[in-house]
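Participant: Just passing along the structure, written as structure tokens.
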Amino acid sequence: MKIIMLGAPGAGKGTQAKMISEKYHLPHISTGDIFRANIKNGTELGKEAKGYMDKGLLVPDELTVRILLDRVAKEDCKNGYILDGFPRNIPQAEVLDKELTRLGDKIDIVIDMEVPDESIIKRMTGRRACTSCGATYHIVNVPPKKEGVCDKCGEELILRDDDREETVKKRLNIYHEQTQPLIKYYQKKGVLKTFDGTKDMMDVFTEITEILA
């Protein structure tokens, strides 16, 4: 079972990917993680990617797909995998499809987590993180016992730059421009399943497992 997770930043796709990974024993693959692993281990692919990154350039789609295919060729992916954060746009999806077809393989299902922008902005701007132990809270959903103070270590809680409203809006604009067109792309291929990401996390997970069963 080869799965792609789609959804705007903060839509909950990472959380669902982790739960699917645990239930079905499928590797949860994030392109960021595999880039870092290749660079850290000094692989040929890692050196190639680092060359672009050191110049402040984006890693070309072909190289990103090669790094991804190298990862999914590993033994732990023989029964499938979950891709989180890739593809990010139509050209990447096309290169991925072309290479998988060449290997006699394909993506089985694309899970799209649908959440309105205003809900995502509320979700993300309400997050607070501990400057010391890294514990995370939400001012509405998971508030600390004392405002602005970590329950675990008593240190200050902050709003991270990534969760500031202007940053969240910028990330959402990029998602709508570049990634959202993938919804129609995978719809045409008949592999897209859309879920209401505003529902309770466990209810969404139950719905996803009913589709995957």
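The values are calculated or read from the model by the stated rules, or taken from the named source; none is laboratory data. In this text the structure is predicted, and so the values were computed from the model without any measurement. Here the Cβ positions follow ideal geometry from the backbone for every residue, glycine too, while neighbour counts run over all protein chains shown. Side chains are part of the model used for accessible areas, which takes the heavy atoms of the whole protein and leaves out ligands, DNA and RNA. Shrake-Rupley method; radii C 1.70, N 1.55, O 1.52, S 1.80 Å.
Participant: Less than 19 Å apart at the alpha-carbon level, and either on another chain or at least 8 residues along: which aspartates and glutamates does that give for residue 146?
Facilitator: 155, 156
Participant: What does the extension gain come out to for residue 131 and residue 55, with contour length at 0.36 nm per residue minus their alpha carbon separation?
Facilitator: 24.2 nm
Participant: Loop-only check: which trypsin sites (Lys or Arg not before Pro) in segment 1-94 are DSSP coil with at most 11 other Cβ within 10 angstrom?
Facilitator: Filter output for segment 1-94: 55, 74, 78.
Participant: Any idea what the relative contact order of the chain is, in percent, if you count C-alpha pairs under 8 Å spaced at least 6 apart?
Facilitator: 27 percent
Participant: Measure out, as a whole number of angstrom, how far apart the alpha-carbon centroids of segment 103-120 and segment 56-87 sit.
Facilitator: Rounded to whole Å, the Cα centres lie 16 Å apart.
Participant: What is the spin-label model distance, in nm, from residue 198 to residue 153 if the labels are put 7 Å beyond Cα along the C-beta direction?
Facilitator: Going by the 7 Å Cα→Cβ label model, 3.7 nm.
Participant: Turning to a different aspect of this structure: Under 20 Å Cα-Cα from residue 189, which aspartates and glutamates qualify once same-chain neighbours fewer than 8 residues away are excluded?
Facilitator: Straight-distance partners of residue 189: 84, 94, 97, 99, 105, 108, 112, 114.
Participant: Can you check what the Kirkwood hydrodynamic radius comes to for the chain, Cα pairs only, in Å to one decimal?
Facilitator: 18.8 Å
Participant: What size of dipole, in debye to the nearest 20, comes out for segment 86-213 about its Cα centre when the only charges are +1 on Lys and Arg C-beta atoms and -1 on Asp and Glu C-beta atoms?
Facilitator: About 200 debye.
Participant: If r is the Cβ-Cβ distance from residue 98 to residue 18 and R0 is 25 Å, what FRET efficiency results, to the nearest 0.05?
Facilitator: Result of the calculation: an efficiency of 0.30.
Participant: A follow-up question, please. With a 1.4 Å probe and all protein chains left in place, how much of the accessible area of the chain comes from carbon and sulfur atoms, in whole percent? Show your work: numbers first, answer last.
Facilitator: On the way: 6090 of 12260 Å².
Answer for the chain: carbon and sulfur cover 50 percent of the accessible area.
Participant: Ordering 1, 19 by how much accessible area each has at a 1.4 Å probe, largest first, what is the list?
Facilitator: Sorted by accessible area, descending: 1, 19.
Participant: Which of 74/152; 18/199; 23/106; 145/193; 13/55; 106/184 have a Cα-Cα distance over 28 Å?
Facilitator: Distance filter (> 28 Å) returns 74/152; 145/193; 13/55.
Participant: Which lysines, if any, have their Cα less than 18 Å from the Cα of residue 50, not counting same-chain residues under 8 positions apart?
Facilitator: List returned: 40.
Participant: In square angstrom, rounded to the nearest 10, how much accessible surface does residue 149 have for a 1.4 Å probe?
Facilitator: Accessible area, nearest 10 Å²: 40 Å².
Participant: Would you work out the relative contact order for segment 100-153, in percent, from Cα pairs under 8 angstrom that are 6 or more residues apart?
Facilitator: 21 percent
Participant: Still on this structure: Hey, what number do you get for the chain at 222 nm if only DSSP H runs of n ≥ 4 count, each worth -39500 (n - 2.57), divided across all residues, to the nearest 500? Working shown, then result.
Facilitator: Working: 9 runs with 97 residues, N = 213.
The helix-only estimate for the chain comes to -13500 deg cm²/dmol at 222 nm.
Participant: If you count only protein heavy atoms with a 1.4 Å probe, what accessible area per residue comes out for segment 59-179, rounded to a whole Å²?
Facilitator: 58 Å²
Participant: Still on this structure, please answer the following. Relative contact order for segment 18-134 using alpha-carbon pairs under 8 Å, separation at least 6, rounded to a whole percent? Don't jump to the answer; show the numbers that get you there.
Facilitator: On the way: 76 pairs, mean separation 30.6, N = 117.
Across segment 18-134, relative contact order equals 26 percent.
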